[in-house]
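Asker: Shown below is the structure under consideration.
Every number in this text was worked out from the coordinates using simple rules, so none of it is lab data. None of the values given here were measured: they were computed from a predicted structure. Here the Cβ positions follow ideal geometry from the backbone for every residue, glycine too, while neighbour counts run over all protein chains shown.
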Amino acid sequence: MLKYRKGSRVERELLQYFHLHGFLVIRSAGSGVSKLAPDALVFKGGKQYAFEIKAHETERLSIKEEQYELLKRWEKEAGITAFVVWKKKRMPFLFIPLKFMKKARKHYTISFKEALNAFKKEDLVFS
């Protein structure tokens with residue numbers, strides 16, 4: 001339960017940031033368990049992003065193959081830009097384009113060092 005609360009707190013923190021910058025925000029019902037939609041969607045003036053949000057303190061982040069494929073489908077079918085979002089304590093949110101995730105057995109993965117070259121939330125809001 002603690003893991004779920006941490007994840008939902010991080011999701012709300014991120015969505016509040018986008019909301020304060022004029023985006024319309026949607027947090028998916030059943031976020032973290034639903035296989036139908038990403039954790040969050042944000043929209044503003046032609047910008048539209050889908051986020052799968054992870055709060056992990058590890059040196060590698062992995063997402064299930066199904067989550068990756070879902071995000072790819074949202075990109076293809078909805079024309080939305082999808083990111084895996086990684087939050088570590090005392091670090092900024094990192095927005096990882098799907099093409100940076102590397103295929104492993106039944107998941108996609110990226111190291112923290114590689115993810116540091118990803119987008120920051122300010123890159124998306126002010127671009």
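Asker: Could you name the lysines in cross-link range of Lys106, using Cα to Cα under 20 Å and dropping any fewer than eight places away on the same chain?
Answerer: Counting by Cα, and skipping residues close in sequence, Lys106 has these lysines nearby: Lys35, Lys54, Lys64, Lys72.
Asker: Something else: If you count the DSSP beta bridges with both ends in segment 2-125, what percent of them are antiparallel, to the nearest 5?
Answerer: 75
Asker: Can you tell me, using C-alpha contacts under 8 Å and at least 6 residues apart, the relative contact order of the chain as a whole percent?
Answerer: Worked out over the chain, it gives 20 percent.
Asker: Which value, in debye to the nearest 20, gives the size of the charge dipole of segment 2-125 about its Cα centre, when Lys and Arg are +1 and Asp and Glu are -1 at the Cβ?
Answerer: Working: 27 positive and 14 negative charges, 79 e Å.
Using only the charged Cβ atoms, the result is roughly 380 debye.
Asker: Charges on Cβ only, +1 for Lys and Arg, -1 for Asp and Glu, centred on the Cα centroid of the chain; of Val84, Phe95, His107, which one is farthest towards the dipole's positive end?
Answerer: His107
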